[in-house]
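The values are calculated or read from the model by the stated rules, or taken from the named source; none is laboratory data. This structure is a prediction, so every number in the text was calculated from the model and none was measured. Note: ideal-geometry Cβ built from the backbone for every residue, glycine included; neighbour counts use all protein chains shown. The area values use the complete protein model at the heavy-atom level, side chains included, leaving out ligands, DNA and RNA. Shrake-Rupley method; radii C 1.70, N 1.55, O 1.52, S 1.80 Å.
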Amino acid sequence: RLQESRERLSVCSKLCYAVGGAPYQTTGCALGFFLQIYLLDVAQVDPFYASIILFVGRAWDAITDPMVGFFITKTPWTRFGRLMPWIIFSTPLAVVSYFLIWFVPDISRGQVMWYLIFYCIFQTLVTCFHVPYSALTMFISREQSERDSATAYRMTVEVLGTVLGTAIQGQIVGQVVTPCIESPRFIGLSNSSVAMEGLNMTRNPGSLTDTRNAYMIAAGVIGGLYILCAIILWVGVREKRESSELQSDEPVSFFQGLKLVMNHGAYIKLIAGFLFTSLAFMLLEGNFALFCTYTLGFRNEFQNILLAIMLSATLTIPLWQWFLTRFGKKTAVYVGISSAIPFLILVVVLDSNLIVTYVVAIAAGISVAAAFLLPWSMLPDVIDDFKLQHPDSHGHEAIFFSFYVFFTKFTSGVSLGISTLSLDFAGYQTRGCSQPSKVNFTLKMLVSAAPVGLILLGLLLFKLYPIDEEKRRKNKKALQDLR
């Protein structure tokens, strides 16, 4: 009893641990919603090169996860621990590189390389923060119940982090009206390519100074929050070496474990289903700001619409937690993710209407909550199923989680690259007050038709997923008997 008492974590320790999850979600949400429109309309990068920046940055982010994980396993213990030095030393460099992403350099050439390099550097450094932070769960206590409790605190703060990222970036940038380019002699001809070409030659780029300053102020605020969270984590959490030394499993070959995991049918089907549904919401996330600005005409309102999505997601996560325990996880997938479909269709079928757009945003947030919660809820069931089929093979849990993240990040890079490239082919006009009809049609496809198709395909794949509630209960009992 005395040993258990020493292993218990205080509420303060759990909160300090949970705060460490905010930087990854805050910066990720700000980049996900705003980087595309920033590159196109503020930095004025050609859409083709913007698509390269977005794709390469996200693809590199996916590659760095297993790389950093491998190097961490080779890191010796220090008096600060093995994971904490990665978190502390990467933080100031990550904040500097994050700020430079939102800075427009005064150079005529090399602007594309500037954003590509600093975007990739930031993704590497934030991975150096988040991978050891995720692994820190196993080193804060030897008691499984305490780890589970700390994880629950963490998930709550991470969801709040997404709201903070959207609110800080959106509200600061939204206070400044980005000047668009228009000319009175082209009014009424805005859908013609000739008119749009003329519109883009009537304003000086210097009029963007206030907008560029707003993006840098938002980056400074989020960077300050990043540093504050890292300090709280470092001061309030102690990494315990003895927690890892209690592990009785023998070291396993990475490639042998990877082969076993990738041959596990339930895992492949789960990843395939969530890959397509996640891709649908990433397309919506990456293009929604452009869609609100140009297709719907809510140039000065889109930051509030984005905030409505994230607030809706935050408030409905407890609802989905109750729903999946009451009706089962597969049912929650079908109901939660498919609920976005009618609203995604509605937003492009009806005429531009602010009230309808807010209703759609709230409905999309409800589905986003389900898409955010369910993968992390269902992956442990797959791991339990794997343990029953391979009772003599241990220590593969990290592979299950890391490669789900890897595939999700890589496909998000592909989706952002393809969507930005599609806008380029459609004739996207940088800083135009309006866009050609082909661009508006492309944006409708990217936020409605494509996500709906991907959601339907993902739900179809979930039909093949073998672990229903009955199977899950049987696996749980079999594991208890095995132990």
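Summary of computed values
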| read-out | value |
| --- | --- |
| Residues located in segment 323-348, provided they are open to solvent by 60 Å² or more (accessible area, probe 1.4 Å) and at pLDDT below 85 | Thr325 |
| Hits in segment 161-177 - residues which are at pLDDT below 85 and open to solvent by 30 Å² or more (accessible area, probe 1.4 Å) | Gln175, Val176, Val177 |
| Failed item, numbered, when Leu464 is tested on (1) assigned to a helix (DSSP H, G or I); (2) out of contact with any Phe, Trp or Tyr (no Cβ under 9 Å at 6 or more places or on another chain) | (1) |
| Scope segment 90-126; condition surrounded by fewer than 21 Cβ atoms within 10 Å (Cβ to Cβ), among the β-branched types (Val, Ile, Thr) and part of a helix (DSSP H, G or I); matching residues | Val96, Val112, Ile117, Ile121, Thr124 |
| Any hit, segment 14-23, residues being crowded, with 23+ Cβ neighbours inside 10 Å and either closer than 13 Å to Thr420 by Cβ or aromatic (Phe, Trp, Tyr) (or both) | yes |
| Every residue from segment 435-447 that is in contact (Cβ under 8 Å) with a residue 24 or more places away in the chain and surrounded by fewer than 22 Cβ atoms within 10 Å (Cβ to Cβ) | Pro436, Ser437, Asn440, Lys444 |
| Candidates Ser367, Ser278, Ser352 - the one that is open to solvent by 50 Å² or more (accessible area, probe 1.4 Å) and of a type in the set (Ser, Thr, Tyr) | Ser352 |
| Residues of segment 467-483 classified as outside any helix (DSSP H, G or I) and of a type in the set (D, E, K, R), total | 2 |
| Residue match in segment 283-303 (condition: assigned to a loop (DSSP other than H, G, I, E, B) and more than 26 Å from Ile37 (Cβ to Cβ)) | no |
| Qualifying residue in segment 390-405 (condition: at pLDDT 80 or above and either outside the structural domain of Ile455 (by the TED database) or assigned to a helix (DSSP H, G or I) (or both)) | no |
| Out of Gly432, Gly417, sole residue that is in contact (Cβ under 8 Å) with a residue 40 or more places away in the chain, buried (at least 19 other Cβ atoms within 10 Å of the Cβ) and over 21 Å from the mean Cα position of the chain (by Cα) | Gly432 |
| Near pairs, Cβ below 7 angstrom, 6+ apart or cross-chain, from segment 216-234 (within 24 Å of Cys12 (Cα to Cα)) to any residue that is open to solvent by 40 Å² or more (accessible area, probe 1.4 Å) | Gly223/Phe99; Ala230/Ile88; Trp234/Ile88 |
| Residues satisfying the stated conditions in segment 73-89, i.e. open to solvent by 10 Å² or more (accessible area, probe 1.4 Å) and either touching a residue at least 60 places away in the same chain (Cβ under 8 Å) or closer than 28 Å to Phe255 by Cβ (or both) | Thr73, Lys74, Thr75, Pro76, Trp77, Phe80, Arg82, Pro85, Trp86, Ile88 |
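Conditions tested, residue by residue: (1) assigned by the TED database to the domain that holds Ile121; (2) assigned to a helix (DSSP H, G or I); (3) under 20 Å from Phe407 (Cβ atoms).
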site	(1), (2), (3)
Lys14	yes, yes, no
Thr26	yes, yes, no
Gly32	yes, yes, yes
Phe48	yes, yes, no
Leu54	yes, yes, yes
Arg58	yes, yes, yes
Asp65	yes, yes, yes
Phe71	yes, yes, no
Thr75	yes, no, no
